[in-house]
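A short worksheet on the structure shown next.
The values are calculated or read from the model by the stated rules, or taken from the named source; none is laboratory data. These numbers come from a predicted model, not from an experiment. With ideal geometry, Cβ positions are generated from the backbone for all residues, glycine too; neighbour counts draw on all protein chains shown. These accessible areas exclude ligands, DNA and RNA; they are computed on the full protein's heavy atoms, side chains included. Shrake-Rupley method; radii C 1.70, N 1.55, O 1.52, S 1.80 Å.
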Amino acid sequence: QLQLVQSGGGLAQPGGSLRLSCAASGRTNTYVMGWFRQVPGEEREFVAAISWSSTTTDYTDSVKGRFTISRDNFKDTLYLQMDSLKPEDTGVYYCAARHHARISKNEHDYPNWGQGTQVTVSS
């Protein structure tokens, strides 16, 4: 089972930036990796995903042009650069991995999860 350990996050002002990282315990070069977020009382929602080769990325509409997902397969680490943050970006962010060639927006397709990290956007 791939272990994922997250870092980053915290508090940012509207318009600010934060960067999330997700380090894996093993090789991830055959895994699709993604980010999801959850707010209290709501289901976990898809944010972004990236193919193993980084040639394909996908984002939910609300973060397009503001968030950038990337990965470093040499370091087995996934990143989420979040710019132009808005209060509605607030939530617990989770990284996830699936041993598959195709990106999925469905959380149930990802068996490996990070511990979650809080992101709060507030003035």
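Tabulated results
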read-out: Positions within the stretch 84-103 being without any contact (Cβ under 8 Å) to a residue 60 or more places away in the chain and more than 14 Å from the chain's Cα centre (by Cα), in sequence order; value: GLU88
read-out: Residue under evaluation THR28, criteria (1) open to solvent by 50 Å² or more (accessible area, probe 1.4 Å); (2) among the hydroxyl-bearing types (Ser, Thr, Tyr); (3) in contact with an Asp or Glu (Cβ under 7 Å, 6 or more places away or on another chain), criterion not met; value: (1)
read-out: Matching option when the condition is in contact (Cβ under 8 Å) with a residue 24 or more places away in the chain and out of contact with any strand residue (DSSP E or B) (no Cβ under 8 Å at 6 or more places or on another chain), among GLY9, GLY65, GLY41, GLY26; value: GLY26
read-out: In the stretch 84-110, the residues that are more than 21 Å from GLY9 (Cα to Cα) and either open to solvent by 50 Å² or more (accessible area, probe 1.4 Å) or at pLDDT below 95 (or both); value: HIS99, HIS100, ALA101, ARG102, LYS105, ASN106, HIS108, ASP109
read-out: Flag for GLN81 being out of contact with any Ser or Thr (no Cβ under 9 Å at 6 or more places or on another chain), open to solvent by 30 Å² or more (accessible area, probe 1.4 Å) and touching a residue at least 24 places away in the same chain (Cβ under 8 Å); value: no
read-out: In the stretch 63-78, the residues that are open to solvent by less than 60 Å² (accessible area, probe 1.4 Å) and either in contact with an Asp or Glu (Cβ under 6 Å, 6 or more places away or on another chain) or closer than 22 Å to GLY10 by Cβ (or both); value: VAL63, ARG66, PHE67, ILE69, SER70, ARG71, ASP72, THR77, LEU78
read-out: Among (1) modelled with pLDDT of 95 or more; (2) assigned to a loop (DSSP other than H, G, I, E, B) - the single one ARG27 does not satisfy; value: (1)
